[in-house]
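To start, the structure under review is shown below, and the notes come after it.
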Amino acid sequence: MCRKDMYASAIFISFDAVAVSGITVEASKMAKILAQNQIKSYLDLGYDIKIDKGKFGKPYDHENEVYRGIFDLVRIDDIDSIPHYNVDFLTHSHNVLMGRVPSASSTEQEELLLAISESSLRLAHRIVQLWEKLRISYVIVENGTLPENIIYTKALYTAIEDYGKRNCLGNYVIWRDHDLMWNSEKNAMKYGAAPYPHAVKPVKSKYITYVTLNNHLKNELEAWCDHEVNVKVKKNTYDFTEHGKHSSIRENFFIRDTDILIARTTRIIPQKRLDRDVFLVHRLNQLFSQNDIDRKVYLVVAGDPDENRSYHRKLNALAKKLNVESFIKFVGPLRHKYVSSPGEAAAIEDLYYSCDLVSFLTSWDYDSYGNPVGEAISNQRCYITTSYEYYWEVYGQYGFEAPVMRISEEQDGLPDEAFIWEVYRFVNNKRLMHDVAGRNFSIGKQLLSNNVNDILDVDCSEGNMRDTVFVSVVLPVYNEGNRICEVLLSLFNQKTHNSIITHNSYELILVDNNSTDDSVEKINTFKARNQSMEIHALHEPIQGVSSARKRGMDYASARAKARDNRLGVQKKHYIVSADADCTVDPYWLHALINKMAEANGDLGTCNYYYNEESFRNRPNLFREIQKTLRCRDMSFSLFGGFPDGKGFAVERSLYDKVGGIEIFYQLNNGRFVQHLSDDWDFGIRVIAEGGKPVYARDSRVEINSRRVDTVLEEVIGGIAYGKDGIIIMKDVRPDEQKQMSTLYDTTPAQSQQAWFYSVKDYVPKNIVLPALLNPQILLEDIAVREFFTEPVADRLYHRIHEIKHDSKIIDFKPIHAYKTPAYRLYFEFSDEIFGAMRRAVGDDIGFPPPLPECFDVVKPEDFERFVYYFCEDRESGEAHNYFANGGVF
């Protein structure tokens, strides 16, 4: 029985075995997001996983209070009753298999591995039992790539596969690595030497998304896994909302408002290099004294002094030696307000509120991220940092400003005089500090806010849509590396009047559809460099532009609904489709949304054009293309038009009402392939549900000429996108060498043939179908009656109802249901329709293309009857081939 989302809950499993840490704080942030979507969260602190913390079997006590309202704490009951699962065996197996001390024979190693396998299978069964009991739908593994507890790691992978199959789940696991501790503790050789032969490497699984904090760690992890898994890079997240009421801790330590308070929120261990902070406080106080400035500098350290008592003693001894004992305050571990127990005197937010600077003078190779830096930014406080190994990738490259102590792997000592003087000048410039904190906050709000949101197949992230966003632009992408940057820039640099479309009011949702080129890399680079607007990068594994478009539009809708639930209002929201091989004009989005708003439209369509320069030496072909586009402009102005993936918009409530984009399949050469009419059929359902279509003529999209260039012969022959009723995607990316010979102009005969196929494809869809879906317009819409003339409009109205009655069709919305009646009406009214088009568009539209030869022997009085047979002929596909397939131009 498949897991139902209405019972969704999540379990977080920490391999860190620490009650409160940066990892559990990060987990708490995600749990809060899940809670907004009524998803309950559980947490296993990992006391029975990471045995070197000495908490194996320790019952939860105060930990329950710490996480009250965020997590229910859980663990595997009686885990020590599982064969071999005890501290002694786990320690011994780790030492032998990982550390290789003591050495063991191959027989002894085989016996150990056999015991591990038996134990892990038993444990996996227990894990699945717990998840079934808690009705788990999502699993988040924190710091799971610690290759020390081989039994638990193997068991967890087994449980994930078993549970996923049992409950018909998709991507339901985030395996999130924060540190790659086996790499950052390489000097201690805690895990032995690479390549760690008995460590359990991440396994390829459809249920798991692997995540780490930066690209270097991503590359390390993928290389360790022999590149069998793909690791995503997701930054840690911080709260950039109003931080509420906080209390100053200065009075507790007799620190004046004019004094400088440096906050250090960290573990008190040698790798964090708090000796640098002590030395810095010493030198800054000296400088204030030497310059007769009545200010003192204090360091307040929030960390556990008992974690490494010897190092704590060394820091106190250094402070005494430098005569700054009274300026160094160890306040013990502080918790965040949202994980604090009621009645606690102070929280980390209170310390940030009270401080002037947040310090992160860590060692070169210990930290992979630097949470205190992100917390300083989100709390609008300045920070100082070292140029540790990952600082540039995580923060520096994005324009965050701070005094940075330059270090390297070889030079990792105390602060030099240049850095000390830089900090001294900085803290003496109050205006500069205020401006820097503000600029950092602005960048951080875009870069560091809730950006783990699109990892799972869950609506948990949608609640964090910016309150001002009311347009989501969805762009499916497949191997568009050669021109994706140009397309993204055209979407990013949209212009507006009256501030309708700004970077605060629209967002981009980019959906990669299994690209094998550098499209994704370019998208990620573009996203990182353009933090002024929301840009989301998703992945859709099911191949097909229809699936990619659906993934992005569903994502946009779900996020908007969650935002509305959070605000308690229903805000207008438009979902817009764009195409990765087309370029939009500067006012494309403004014109489209403005038209929909003015006309109160539910479905908006754009105006398309080709660049005439691309057809400079092909005037005949360009003339036929222009005739089709002129007809399109006329009919869309008259009827409102139908959507095309190159550019359309839908009001979100109508999108949801009709069930969103629907994926259809067809057989092509014995294989199921996606039908390409998802956009068209979606528009039919919206209009049939009463949605109002509007045409935004000034919303212009330039169609890439390669759609014609690379398949010109098929265009001329009316089979550009298939035949016999099969409409399939063709890769129209040109091979430069092969394309040169195809860029020829059409002969008069070819031009006429291309036009005939184009207009035969166009008329049933754009002239007949609007009337077929809504016959009342033939009686009530003055412009429509004038177009057809009143006698023809009346005849067409009655004929539609006759066909409905005769065929017993009451609903033309389902895919292809409209084709037969539309084709029949084309044949029966072709002379009248082409006459109307000549009057509305121009005499060059000409007369209807020749009928199929099979009608040559049909008597006039039998014409209507044989039209029915022709259009109903589903076996040969003759009707489909006559009318061409899939929009020629």
- Within region 130-175, track down each residue that is over 17 Å from F12 (Cβ atoms) and assigned to a strand (DSSP E or B). none
- Task: Filter region 236-266 for residues that are basic (K, R) and buried (at least 18 other Cβ atoms within 10 Å of the Cβ) and give the result.
- Result: R264
- Task: Identify all residues within region 23-51 that are more than 19 Å from D77 (Cβ to Cβ), part of a helix (DSSP H, G or I) and of a type outside the set (S, T, Y); write none if there are none.
- Result: I23, V25, E26, A27, K29, M30, A31, K32, I33, L34, A35
- What tally of residues in region 195-219 results from selecting those that are small (G, A, S) and more than 17 Å from N143 (Cα to Cα)? 1
- Determine if region 628-645 includes at least one residue that is at pLDDT 80 or above, farther than 30 Å from E786 by Cβ and not hydrophobic (A, V, I, L, M, F, W, C). no
- Item | Residues being without any contact (Cβ under 8 Å) to a residue 40 or more places away in the chain and within 17 Å of the chain's Cα centre (by Cα) - total across region 213-230 | 1
- Does F279 satisfy being of a type in the set (F, W, Y), over 15 Å from L318 (Cα atoms) and either surrounded by 18 or more Cβ atoms within 10 Å (Cβ to Cβ) or in contact with a helix residue (DSSP H, G or I) (Cβ under 6 Å, 6 or more places away or on another chain) (or both)? no
- Task: May I ask you to verify whether G57 is surrounded by fewer than 18 Cβ atoms within 10 Å (Cβ to Cβ) and under 30 Å from the mean Cα position of the chain (by Cα)?
- Result: no
- Query: Name the strands (runs of 3 or more DSSP E) wholly within region 315-419 that hold at least 2 residues that are under 23 Å from D177 (Cβ atoms) and modelled with pLDDT of 90 or more?
  - Reply: 382-386
- Might you let me know whether region 550-560 holds any residue that is among the aromatic types (F, W, Y) and either surrounded by 24 or more Cβ atoms within 10 Å (Cβ to Cβ) or modelled with pLDDT of 90 or more (or both)? yes
- Task: Determine if region 43-51 includes at least one residue that is modelled with pLDDT under 90 and either in the same structural domain as E142 (by TED's automatic domain parsing) or buried (at least 17 other Cβ atoms within 10 Å of the Cβ) (or both).
- Result: yes
- Item | Which listed residue is at pLDDT below 90, over 30 Å from Q494 (Cα atoms), of a type in the set (G, A, S) and surrounded by fewer than 21 Cβ atoms within 10 Å (Cβ to Cβ), from G690, G718 | G690
- Item | Scan of region 634-644 for residues that are outside any helix (DSSP H, G or I), surrounded by fewer than 24 Cβ atoms within 10 Å (Cβ to Cβ) and out of contact with any Pro (no Cβ under 7 Å at 6 or more places or on another chain), ordered by number | D644
- Item | Leading residue by the ranking (surrounded by the most Cβ atoms within 10 Å (Cβ to Cβ)) among those in region 482-496 that are at pLDDT 90 or above and in a loop (DSSP other than H, G, I, E, B) | Q494
- Could you list all residues from region 60-89 that are assigned to a loop (DSSP other than H, G, I, E, B) and surrounded by 15 or more Cβ atoms within 10 Å (Cβ to Cβ)? Y60, Y67, I70, F71, V74, R75, I76, I82, H84, Y85, N86
- Query: Out of curiosity, is A836 modelled with pLDDT under 90, of a type in the set (A, V, I, L, M, F, W, C), within 20 Å of R799 (Cβ to Cβ) and in the same structural domain as I803 (by TED's automatic domain parsing)?
  - Reply: no
- Query: Residues of region 209-219 being surrounded by 19 or more Cβ atoms within 10 Å (Cβ to Cβ) and either in a helix (DSSP H, G or I) or in contact with a Pro (Cβ under 9 Å, 6 or more places away or on another chain) (or both), which ones?
  - Reply: Y210, L217, K218
- Message: Which condition from (1) farther than 20 Å from D77 by Cα; (2) buried (at least 22 other Cβ atoms within 10 Å of the Cβ); (3) at pLDDT 90 or above is the one that A155 breaks?
- Response: (1)
- Note on the structure: Of (1) of a type outside the set (K, R); (2) in contact with a helix residue (DSSP H, G or I) (Cβ under 6 Å, 6 or more places away or on another chain); (3) modelled with pLDDT of 95 or more, H125 satisfies every one except (2)
- Within region 765-790, tally of residues that are free of Cβ contacts under 8 Å to residues at least 12 places away in the same chain, assigned to a helix (DSSP H, G or I) and farther than 17 Å from A840 by Cα: 1
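The values are calculated or read from the model by the stated rules, or taken from the named source; none is laboratory data. Since this is a predicted model, take the numbers as computed values, not measurements. FYI the Cβ positions are ideal-geometry reconstructions off the backbone, even for glycines, and counts take in every protein chain you see.
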